[in-house]
Amino acid sequence: MAEGIASDAMVILWERRENFQSLAAIRSFLYTTTRNLSLNWIRDKNRLRKREKHYSICLDTSEPAIFQHLIESETYREVIRVIGTLPERCQQVIQLSFLQEKTPKEVAAAMNISPVTVSTQKKRAIRLIKERFGIYSSLLAFLYFVQL
């Protein structure tokens, strides 16, 4: 640090060497330049510490949120993939019921089927999802959809 400031002061002196008439003027210039460079270094160091502190606080508080978002995204992607493997009517019932949050009557009207058939298709889809996911993963997936 000190060597860097001293060398910077000497470079500045060399660049302005034609402006000095006496040794006293050079000495005064070097003291002032060295002081200013030192104060600039302290100011910059303090700014850097403040930024590092701010970023570390941001990282500490946002890391769980990022991790939670990653889990939600992966779960959602996997659920959509598994829903895509279901029979067509089961896919439609699940998409309308859970993704579009329609009531059984609205799903029945949209698909032109009875509400009892909607219930049957929903039960079938849930059973197939459980088989494809396993009991624990399907529980997590449906808990995720319930939060939506």
Checklist entry - Once the Cβ-Cβ distance between Ile71 and Met111 is put in as r, and R0 is 22 Å, what FRET efficiency do you end up with, to the nearest 0.05? => result 0.10
Checklist entry - How many angstrom separate the Cα center of segment 1-48 from the Cα center of segment 100-114? => result 78
Item to check | Computed accessible area, Lys45, all protein chains, 1.4 angstrom probe, square angstrom | outcome: 80
Next on the checklist: Take Arg47 and Lys123, extend 7 Å from each Cα along the Cα→Cβ direction, and tell me the distance between the two endpoints in nm.
Outcome noted: 6.9
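The values are calculated or read from the model by the stated rules, or taken from the named source; none is laboratory data. Remember, it's a predicted structure, so these values are computed and weren't measured experimentally. Here the Cβ is made from the backbone with ideal geometry for all residues, glycine too, and neighbour counts use every protein chain on show. Calculation scope for accessible area: heavy atoms of the full protein, side chains included, ligands and nucleic acids excluded. Shrake-Rupley method; radii C 1.70, N 1.55, O 1.52, S 1.80 Å.
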